Amino acid sequence: ETGVTQSPTHLIKTRGQQVTLRCSSQSGHNTVSWYQQALGQGPQFIFQYYREEENGRGNFPPRFSGLQFPNYSSELNVNALELDDSALYLCASSLAGGGSREAFFGQGTRLTVV
Amino acid sequence: AQRVTQPEKLLSVFKGAPVELKCNYSYSGSPELFWYVQYSRQRLQLLLRHISRESIKGFTADLNKGETSFHLKKPFAQEEDSAMYYCALIKDTGNQFYFGTGTSLTVIP
């Protein structure tokens, strides 16, 4: 059984640029959620994907978008980067309808916007 | 609106002493409550959840609906318990996590 993997682990971007973060979900999981964790804060829900469709969204602007692929892997795209987007981005996978609502987290991607 | 509050950002206890990490929530429905832990240089991982009513690594947590609390307790802290602890809830109408701001626990040898 493979765990949740995210790439890259670290990234530095310039304000105004665009970034794509990637996540491979745990084997057998069909749902992927993305969270933003600013320094000193708990993770904040960005959105969730189930069966390749967005299945819930937190309080984030439209420049945060995502995709889920047939193999359940996922991407998080952020356009027009702002300095406040600097954070740890976490991907979590789970199995919808599996009875357990436990989510398994990746190690995160540390994004720095300068 | 739902909210999870962890009043202590930092908590230090001596090895062998009891430890309690506080968590309060606000939500009018029937949430599911979790404790997640993050050890140094490791990913966030589930410690326990209220519906399983289990004890993991000596930790227990009881959901008190009257006080809307889900405090994490361990009678005898160990050095390996030093970590960041996050309380989280899922609403009965969805499956996104709402996390608290976390408590950093340090167990002093």
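Quick one: in segment B:91-109, of everything that is assigned to a strand (DSSP E or B), buried (at least 20 other Cβ atoms within 10 Å of the Cβ) and more than 12 Å from the chain's Cα centre (by Cα), which residue is modelled with the highest pLDDT?
Here is the first cut: in segment B:91-109, the residues assigned to a strand (DSSP E or B) are B:97-99, B:103-108.
Narrowing further to those that are buried (at least 20 other Cβ atoms within 10 Å of the Cβ): B:97-99, B:103, B:105, B:107.
After this cut, where a residue has to be more than 12 Å from the chain's Cα centre (by Cα) as well, the list is B:97-98, B:107.
On the way: B:Phe97: 92, B:Tyr98: 94, B:Val107: 98.
Across segment B:91-109, the extreme among qualifying residues is B:Val107.
Determine which member of the set A:Gln26, A:Gln48 is free of Cβ contacts under 8 Å to residues at least 40 places away in the same chain, among the polar types (S, T, N, Q) and under 18 Å from A:Arg101 (Cβ atoms). Break it down into steps so the answer makes sense when it comes.
Details: A:Gln26 fails: free of Cβ contacts under 8 Å to residues at least 40 places away in the same chain.
From the options A:Gln26, A:Gln48, the qualifying one is A:Gln48.
Can you name every residue in segment A:30-50 that is touching a Ser or Thr at 6+ places or on another chain (Cβ under 6 Å) and part of a strand (DSSP E or B)? Don't jump to the end; show me each part of the working.
If we filter segment A:30-50 for residues that are touching a Ser or Thr at 6+ places or on another chain (Cβ under 6 Å), which is where we start, we get A:31-32, A:41-42, A:48-50.
Result: A:Thr31, A:Val32, A:Gln48, A:Tyr49, A:Tyr50.
Take segment A:53-69 and flag every residue that is more than 14 Å from chain B (Cβ to nearest Cβ) and surrounded by fewer than 19 Cβ atoms within 10 Å (Cβ to Cβ). Step through it out loud before you land on a result.
Start the filter on segment A:53-69 by keeping residues that are more than 14 Å from chain B (Cβ to nearest Cβ), which leaves A:53, A:61-65, A:67-69.
A:Glu53, A:Pro61, A:Pro62, A:Arg63, A:Phe64, A:Ser65, A:Leu67, A:Phe69 - these are the residues of segment A:53-69 that are more than 14 Å from chain B (Cβ to nearest Cβ) and surrounded by fewer than 19 Cβ atoms within 10 Å (Cβ to Cβ).
Restricting to segment B:56-73, name every residue that is over 21 Å from A:Ala103 (Cβ atoms) and not in a strand (DSSP E or B).
The answer is B:Gly58, B:Asp62, B:Lys65, B:Gly66, B:Glu67, B:Thr68, B:His71.
Can you tell me which residue in segment B:68-105 is nearest to the other protein chains (Cβ to nearest Cβ), limited to those that are farther than 26 Å from B:Ala17 by Cα and of a type in the set (Ser, Thr, Tyr)?
Applying the first criterion (farther than 26 Å from B:Ala17 by Cα) to segment B:68-105 yields B:89-99.
Still in the list and also of a type in the set (Ser, Thr, Tyr): B:93, B:98.
Values: B:Thr93: 10, B:Tyr98: 7 Å.
The selected residue is B:Tyr98.
Output the residue which, of all residues in segment B:34-58 that are surrounded by fewer than 14 Cβ atoms within 10 Å (Cβ to Cβ), without any contact (Cβ under 8 Å) to a residue 12 or more places away in the chain and of a type in the set (D, E, K, R), is nearest to the other protein chains (Cβ to nearest Cβ).
If we take residues in segment B:34-58 being surrounded by fewer than 14 Cβ atoms within 10 Å (Cβ to Cβ), without any contact (Cβ under 8 Å) to a residue 12 or more places away in the chain and of a type in the set (D, E, K, R), then B:Arg41 is nearest to the other protein chains (Cβ to nearest Cβ).
Could you list all residues from segment A:13-52 that are more than 12 Å from every other protein chain (Cβ to nearest Cβ), among the aliphatic types (A, V, I, L, M) and in contact with a helix residue (DSSP H, G or I) (Cβ under 9 Å, 6 or more places away or on another chain)?
A:Val19
Only one of these is in contact with a His (Cβ under 8 Å, 6 or more places away or on another chain) and either within 10 Å of chain B (Cβ to nearest Cβ) or of a type in the set (Phe, Trp, Tyr) (or both): A:Tyr89, A:Tyr72. Name it. First the steps, then the outcome.
Working: A:Tyr89 fails: in contact with a His (Cβ under 8 Å, 6 or more places away or on another chain).
Selected residue: A:Tyr72, the only one of A:Tyr89, A:Tyr72 that is in contact with a His (Cβ under 8 Å, 6 or more places away or on another chain) and either within 10 Å of chain B (Cβ to nearest Cβ) or of a type in the set (Phe, Trp, Tyr) (or both).
Considering only residues that are out of contact with any Asp or Glu (no Cβ under 8 Å at 6 or more places or on another chain), outside any loop (DSSP other than H, G, I, E, B) and within 14 Å of chain A (Cβ to nearest Cβ), which ones fall in segment B:1-33?
Restricting attention to segment B:1-33, the residues satisfying the condition of being out of contact with any Asp or Glu (no Cβ under 8 Å at 6 or more places or on another chain) are B:1-14, B:16-18, B:20, B:23, B:25-28, B:33.
Restricting the remaining residues to those that are outside any loop (DSSP other than H, G, I, E, B) gives B:3-5, B:10-14, B:20, B:25-26, B:33.
Within segment B:1-33, B:Arg3, B:Val4, B:Thr5, B:Leu10, B:Tyr25, B:Leu33 meet the criteria.
Is it true that B:Asn64 is at negative phi and more than 10 Å from chain A (Cβ to nearest Cβ)? First the steps, then the outcome.
Values: at negative phi: yes; more than 10 Å from chain A (Cβ to nearest Cβ): yes.
When the stated conditions are applied, B:Asn64 passes them.
Restricting attention to segment A:103-114, and to residues there that are touching a Leu at 6+ places or on another chain (Cβ under 7 Å) and buried (at least 18 other Cβ atoms within 10 Å of the Cβ), which single residue is farthest from the other protein chains (Cβ to nearest Cβ)?
A:Val113
Taking A:Gly56 and the conditions (1) over 10 Å from the mean Cα position of the chain (by Cα); (2) at pLDDT 95 or above; (3) not hydroxyl-bearing (Ser, Thr, Tyr), which numbered condition does it fall short on, given that it satisfies the others?
The single condition A:Gly56 does not satisfy is (2).
The values are calculated or read from the model by the stated rules, or taken from the named source; none is laboratory data. The structure displayed is predicted, hence computed values, not measured ones. Please note: Cβ atoms are built from the backbone with ideal geometry, for glycine as well, and neighbour counts cover all protein chains shown.
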